[in-house]
1. Which far-off residues, 5 or more places away or on another chain, put their amide H under 5 Å from the one on GLY230, with H placed in the peptide plane?
2. When the C-alpha atoms of the stretch 208-290 are aligned to their principal axes, what extent does each axis show, in angstrom, from largest down?
3. Between the stretch 220-247 and the stretch 1-19, what's the alpha-carbon centroid distance in Å?
4. Given the Cα-Cα distance of GLU204 and TRP189 and 0.36 nm per residue of separation, how much length would full extension add, in nm?
5. Send over the semi-axes of the stretch 155-219's equivalent ellipsoid, whole angstrom and largest first, taken as the square roots of 5 times the C-alpha gyration tensor eigenvalues.
6. For the stretch 8-23, take each phi angle, set θ = phi - 60°, evaluate the Karplus expression 6.51 cos²θ - 1.76 cosθ + 1.60, and give the result in whole Hz per residue in order, putting x for glycine and proline.
7. Relative to the first principal axis of the alpha-carbon coordinates of the chain, what is the inclination of helix 200-221, with its axis defined by its Cα atoms, in degrees from 0 to 90 and to the nearest 10?
8. Please report the relative contact order for the stretch 1-73, taking Cα pairs under 8 Å with a sequence separation of at least 6, and give it as a percent rounded to a whole number.
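The values are calculated or read from the model by the stated rules, or taken from the named source; none is laboratory data. Everything numeric here is computed off the predicted structure, so don't read it as measured data. Don't worry about glycine lacking a Cβ; one is built from the backbone with ideal geometry, like all the others, and counts go over all protein chains shown. These area figures cover heavy atoms from the full protein model, side chains too; ligands, DNA and RNA do not enter into them. Shrake-Rupley method; radii C 1.70, N 1.55, O 1.52, S 1.80 Å.
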Amino acid sequence: MLFGGIEAGGTKMVCAVADETGKLTDRMSVPTRQPEETLKEIAAYFKRYEIAALGIGCFGPIDPDRDSKTYGYITKTPKPGWTDCDIAGFFRRELSVPVGFDTDVNGAILGEVTWGAARGCNCAIYITVGTGVGVGVYVNGGLLHGLVHPEAGHILLKRHPKDTYAGHCPFHPECMEGLASGPAIADRWGKPAAQLAGRDEVWELEAYYIAQAVADYILTYSPQKVILWGGVMHQEKLFPMVRTGVQELLNGYVHHPAVTDAIADYIIPPALGEDPGILGAVRLGMLELQ
Ligand code: ADP
Ligand code: ZN
């Protein structure tokens, strides 16, 4: 049996077909243009396969509330043309299959829980530090929604006393995304993050903010694994810095060996490489069929 997945991003949409074991049998990617032409091209791709269900891990904000009239929509996004786009409904109508729908980061943690580094966990989180900061939350065996969905990339942080940067988020001068996303790094230091690899002060400050956010997520969600990724985390030297920072901030209070003794196996990159998002989308489709 085949399942389709879409990792719907603001820049590109990755589409894939996989079997029930999560083995990808085909994939393609299209640039995100206006909704109609982008979604029609994707529908034509999936019509070449007999898929039993489709899952979408979507850029947000979205409406994940099944009881809402706008369930399955992208809601008030700054991405021009995409506000109030009924993306899940479009594919349900075009493909006549069940369509699972969630945020891109909830998709990514679902992928890691199902086939990756968080297999067997009841509670785990996926944090991406990239163009934005997003957090996917899996708790008590399911993905977390509530009023809407977690927006934990916008938690407020304690500013570093030497950091005078105004922040990149138009809503909050001192949120995680505004202080630590890739564009915030570029804006603060005057160069794209990837070109700042040799500047220790850049990564010390970055680790200072990521560690604060991760410590807060550990305190609030009590995850059994913390998966940390996104373009900025390609600076893999950040991992040991973040782990040490988290231990210092928690200061022994979360008294569990995962944090106190084995943090190198606790705050980790995804096991699915660059694929947790697309595999998680496939899994959203499988769950919808069930
Ligand atoms: P998105 O968040 O748009 O899905 P990414 O997760 O790839 O995409 O994140 C893109 C951001 O990551 C950009 O701001 C970019 O500058 C930054 N980035 C990409 N590669 C690196 C790198 N090797 N080192 C540091 N930052 C990087
Ligand atoms: Zn913010």
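1. Amide H neighbours of GLY230: VAL129.
2. Projected onto the principal axes, the Cα atoms of the stretch 208-290 cover 44, 28, 20 Å.
3. About 26 Å separates the Cα centre of the stretch 220-247 from the one of the stretch 1-19.
4. 4.1 nm
5. Taking √(5λ) for each Cα gyration eigenvalue gives 18, 14, 10 Å.
6. Result, rounded to whole Hz: 8, x, x, 9, 9, 10, 8, 10, 8, 10, 9, 8, 6, 8, x, 7.
7. 70
8. 34
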